[in-house]
Amino acid sequence: MNFERMKNALVRAAQSMGLEQYEIYAQTGESVSVETLKDEVSSFVFGTEGGICFRCIVDGKMGYASGELMTEEAMEDLVRAAISNARCIDNEDEVFIFKGSPAYETVDLAPAVLADAAQVRATALELQKATYAASDKVGDGTQSVALSFTAEEHLYNSHGLSLSNRVGLRGAYVAPVVRDGDEAQNHTEFALGMGFESLSDLPQKAVCGALDKLGAVTVPSGKYDVIFDGKQFRGFLSAFSGVFSAKNAQQGLSLLAGKEGSAVAASCVTLTDDPMRKGSPMQTPFDGEGVATARRCVIENGTLKTLLYDLTTAAKAGVASTGNGQKGSYAAPVSIAPYNFSVAPGTLTEEELFAQTPDGIYITECKGFHAGANEVTGDFSIESAGFRIRNGKRAEPIKSFTVAGNFFDLLKAIDLIANDVKWGIPRGYTVFGSPSLRVRNMSIAGD
């Protein structure tokens, strides 16, 4: 896409149609991924995607139109469609084309470059070979995937605001299946970054994770102190991240409405949102409305400091936008979402966390958040697996139990936090992370 040429065509069309307030947002992306099964490539995908969105204000209403056809004639049609759509809007919310923030941070990443397809293929096959070599129990169904991705976005509006950003990542995941007699177990490990250099220990970690699950037993129902592996607790942050949206709060869909300045978690809990987190491959200095992003403590020492706002919800609340008005794609409307969203690390090592838990359960697998979590009420009932904790150490693997409770109560029941933040896979600019942490007296449904 030649953004400058399309931008100029849209500006000419907007001016010729008498528009005074408008915005142009474009997004493009390239990706390559290779999946292996046994010792062969089972899937090879190379893709490019992108498009452009035009927003304008007509009689106080915001109209959107988007498309992928990059011709000057198509740009004129886009402007006409946005004007027509604005006239169909019934929503009375105040809308804005942003004039710009005083300053924007600078992305500190190396320029994002798509990896060569041959390199991605070779990496996937090397990982697969190393996974099978890690144990003679590794068998059919084992997969390895390597990938590379880049994306670029541009924002320009009638106030002269002009912004752009480019991001990218490379990474892989390994999913071995191990068998011992009639029992089979699987496990997945992934690593992301700007290169493939740090992937050498991925197969061994994944295979060990699968082998550790062999021989799992059930656990009696009851109340237990629970240590959540950080990879699993970040699943709770993902499932319930919408409760921190000012839009949901204003619509009565979050129990955090009206709670800013109040204690909503244990005093050891700090929850941060950092769009420019050092080491993150998905840094962004501006949101989908052009507002500068910044690191924020959403919860600080248990107190809710702020919800997440876009321009419209901030105007309703009489506060400034937090810069969380994201666009999930070029065609998507602005919606509120976090960036690098994480429980802040504590001071304990994971070993020290276990040592302070003489008896309990270590949860290393949670599944079914889409069906087992109610974002409005905070209630959850999640199928889980993990290990017993005995005498302050990880003991036998356990399976097929359910952990149940309420997210808001969960935040208040955290009493110990480790120092090992584990980050997930980005979805756009949103990434969830958490250290391992302990929650007291949780309900477990097992035998």
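Look through segment 116-142, keep the residues that are in contact with a strand residue (DSSP E or B) (Cβ under 8 Å, 6 or more places away or on another chain) and outside any helix (DSSP H, G or I), and return whichever of them is surrounded by the fewest Cβ atoms within 10 Å (Cβ to Cβ).
Checking each candidate, the answer is Asp140.
Checking the conditions here, which among Gly323, Gly288, Gly318, Gly279 is on the phi > 0 side of the Ramachandran plot and surrounded by 22 or more Cβ atoms within 10 Å (Cβ to Cβ)? Can you show your working first?
Values: Gly288 fails: on the phi > 0 side of the Ramachandran plot; Gly318 fails: surrounded by 22 or more Cβ atoms within 10 Å (Cβ to Cβ); Gly279 fails: surrounded by 22 or more Cβ atoms within 10 Å (Cβ to Cβ).
Residue meeting the stated conditions: Gly323.
Hey, any hits in segment 223-244 for a residue that's of a type in the set (S, T, N, Q), closer than 21 Å to Gln128 by Cβ and either modelled with pLDDT of 95 or more or open to solvent by 20 Å² or more (accessible area, probe 1.4 Å) (or both)? Don't jump to the end; show me each part of the working.
Filtering segment 223-244 down to residues of a type in the set (S, T, N, Q) leaves 232, 238, 241.
Keeping just the survivors that are closer than 21 Å to Gln128 by Cβ gives none.
No, segment 223-244 contains no residue that is of a type in the set (S, T, N, Q), closer than 21 Å to Gln128 by Cβ and either modelled with pLDDT of 95 or more or open to solvent by 20 Å² or more (accessible area, probe 1.4 Å) (or both).
Would you confirm whether any residue within segment 211-219 is crowded, with 20+ Cβ neighbours inside 10 Å, in contact (Cβ under 8 Å) with a residue 40 or more places away in the chain and of a type outside the set (Lys, Arg)?
The first filter runs over segment 211-219 and keeps only residues crowded, with 20+ Cβ neighbours inside 10 Å, leaving 213, 219.
Right, trim to in contact (Cβ under 8 Å) with a residue 40 or more places away in the chain and you get 213, 219.
Still in the list and also of a type outside the set (Lys, Arg): 219.
Yes, because at least one residue in segment 211-219 is crowded, with 20+ Cβ neighbours inside 10 Å, in contact (Cβ under 8 Å) with a residue 40 or more places away in the chain and of a type outside the set (Lys, Arg).
Mind checking which residues of segment 194-214 are part of a loop (DSSP other than H, G, I, E, B) and at pLDDT 95 or above? Let's see the steps before the verdict.
Taking segment 194-214 first, the residues part of a loop (DSSP other than H, G, I, E, B) are 194-196, 200-201, 212-214.
If the condition is that a residue be part of a loop (DSSP other than H, G, I, E, B) and at pLDDT 95 or above, then Asp212, Lys213, Leu214 are the ones that fit.
Taking segment 310-324, which residues are within 16 Å of Phe286 (Cβ to Cβ) and in contact with a Phe, Trp or Tyr (Cβ under 8 Å, 6 or more places away or on another chain)? Steps first, answer last, please.
To start, the set of residues in segment 310-324 that are within 16 Å of Phe286 (Cβ to Cβ) comprises 310-311, 314, 320-324.
Within segment 310-324, Leu311, Ala320, Ser321, Thr322, Gly323, Asn324 qualify.
Any idea which of (1) buried (at least 16 other Cβ atoms within 10 Å of the Cβ); (2) under 30 Å from Asp287 (Cβ atoms) is the one Ile425 doesn't satisfy?
(1)
Residues of segment 124-163 being of a type in the set (Ser, Thr, Tyr) and free of Cβ contacts under 8 Å to residues at least 40 places away in the same chain, which ones?
Going residue by residue through segment 124-163, those that are of a type in the set (Ser, Thr, Tyr) are 131-132, 135, 142, 144, 148, 150, 156, 158, 162.
Matches in segment 124-163: Ser162 only.
For (1) modelled with pLDDT of 95 or more; (2) under 16 Å from Ala191 (Cβ atoms); (3) of a type in the set (Val, Ile, Thr), each residue gets a yes or a no:
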position	(1), (2), (3)
Val107	no, no, yes
Val113	no, no, yes
Asp116	no, no, no
Ala122	no, no, no
Thr131	yes, yes, yes
Gly139	no, no, no
Gln143	yes, yes, no
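Looking only at residues in segment 405-420 that are within 24 Å of Ala246 (Cα to Cα) and of a type in the set (A, V, I, L, M, F, W, C), which one is surrounded by the fewest Cβ atoms within 10 Å (Cβ to Cβ)?
Phe408
What is the one condition in (1) open to solvent by less than 20 Å² (accessible area, probe 1.4 Å); (2) among the small types (Gly, Ala, Ser); (3) in contact (Cβ under 8 Å) with a residue 40 or more places away in the chain; (4) under 30 Å from Pro281 (Cα atoms) that Gly100 does not satisfy?
The single condition Gly100 does not satisfy is (1).
Could you identify the single residue in Ile52, Ile57 that is aliphatic (A, V, I, L, M), under 14 Å from Tyr156 (Cβ atoms), in contact with a helix residue (DSSP H, G or I) (Cβ under 8 Å, 6 or more places away or on another chain) and assigned to a strand (DSSP E or B)?
From the options Ile52, Ile57, the qualifying one is Ile52.
Just name the residue that is surrounded by the fewest Cβ atoms within 10 Å (Cβ to Cβ) out of those in segment 157-194 that are more than 30 Å from Gly215 (Cβ to Cβ) and among the small types (Gly, Ala, Ser). Explain how you work it out, then say what you get.
Just the residues of segment 157-194 that are more than 30 Å from Gly215 (Cβ to Cβ), to begin with: 157-171, 192-194.
Now narrow it down to the ones that are among the small types (Gly, Ala, Ser): 158, 160, 162, 164, 168, 171, 193.
Values: Ser158: 18, Gly160: 8, Ser162: 13, Ser164: 13, Gly168: 22, Gly171: 24, Gly193: 15.
Per the stated criteria, the residue is Gly160.
Which condition does Val113 not pass, out of (1) more than 25 Å from the chain's Cα centre (by Cα); (2) more than 30 Å from Val178 (Cβ to Cβ), if it passes all the others?
(1)
Any idea which of Ala26, Ala65 is under 30 Å from Gln119 (Cβ atoms) and either free of Cβ contacts under 8 Å to residues at least 40 places away in the same chain or in contact with a strand residue (DSSP E or B) (Cβ under 7 Å, 6 or more places away or on another chain) (or both)?
After ruling out the rest, the residue left standing is Ala26.
Suppose we filter segment 247-271 for residues that are of a type in the set (Ser, Thr, Tyr) and either free of Cβ contacts under 8 Å to residues at least 40 places away in the same chain or surrounded by fewer than 20 Cβ atoms within 10 Å (Cβ to Cβ) (or both); how many remain?
We begin by selecting, within segment 247-271, every residue of a type in the set (Ser, Thr, Tyr); these are 254, 262, 267, 270.
In the following step, the residues that additionally are either free of Cβ contacts under 8 Å to residues at least 40 places away in the same chain or surrounded by fewer than 20 Cβ atoms within 10 Å (Cβ to Cβ) (or both) were identified as 262, 267.
Within segment 247-271, residues that are of a type in the set (Ser, Thr, Tyr) and either free of Cβ contacts under 8 Å to residues at least 40 places away in the same chain or surrounded by fewer than 20 Cβ atoms within 10 Å (Cβ to Cβ) (or both) number 2.
Considering only segment 65-83, I want to know if a residue exists there that is of a type outside the set (Lys, Arg), part of a loop (DSSP other than H, G, I, E, B) and surrounded by 13 or more Cβ atoms within 10 Å (Cβ to Cβ). If you could, list the steps in order and put the result at the bottom.
So in segment 65-83, the residues of a type outside the set (Lys, Arg) come out as 65-79, 81-83.
Among the residues that remain, those that are also part of a loop (DSSP other than H, G, I, E, B) are: 68-71.
Cutting the leftovers down to surrounded by 13 or more Cβ atoms within 10 Å (Cβ to Cβ) gives us 70.
Yes, some residue in segment 65-83 is of a type outside the set (Lys, Arg), part of a loop (DSSP other than H, G, I, E, B) and surrounded by 13 or more Cβ atoms within 10 Å (Cβ to Cβ).
Regarding segment 143-156, can at least one residue be identified that is open to solvent by 30 Å² or more (accessible area, probe 1.4 Å) and part of a loop (DSSP other than H, G, I, E, B)?
If we filter segment 143-156 for residues that are open to solvent by 30 Å² or more (accessible area, probe 1.4 Å), which is where we start, we get 143, 147, 149, 152, 154, 156.
Those still in the list that are part of a loop (DSSP other than H, G, I, E, B) too: none.
There is no residue in segment 143-156 that is open to solvent by 30 Å² or more (accessible area, probe 1.4 Å) and part of a loop (DSSP other than H, G, I, E, B).
Working only within segment 372-404, note down all residues that are in contact with a helix residue (DSSP H, G or I) (Cβ under 9 Å, 6 or more places away or on another chain), closer than 22 Å to Pro220 by Cβ and open to solvent by 30 Å² or more (accessible area, probe 1.4 Å).
Matches in segment 372-404: Ser381, Glu383, Lys393, Arg394, Thr402, Ala404.
The values are calculated or read from the model by the stated rules, or taken from the named source; none is laboratory data. Keep in mind that what you see is a predicted model, and the values were worked out from it rather than measured. Please note: Cβ atoms are built from the backbone with ideal geometry, for glycine as well, and neighbour counts cover all protein chains shown. Surface accessibility is based on the protein's heavy atoms, side chains included, excluding ligands, DNA and RNA. Shrake-Rupley method; radii C 1.70, N 1.55, O 1.52, S 1.80 Å.
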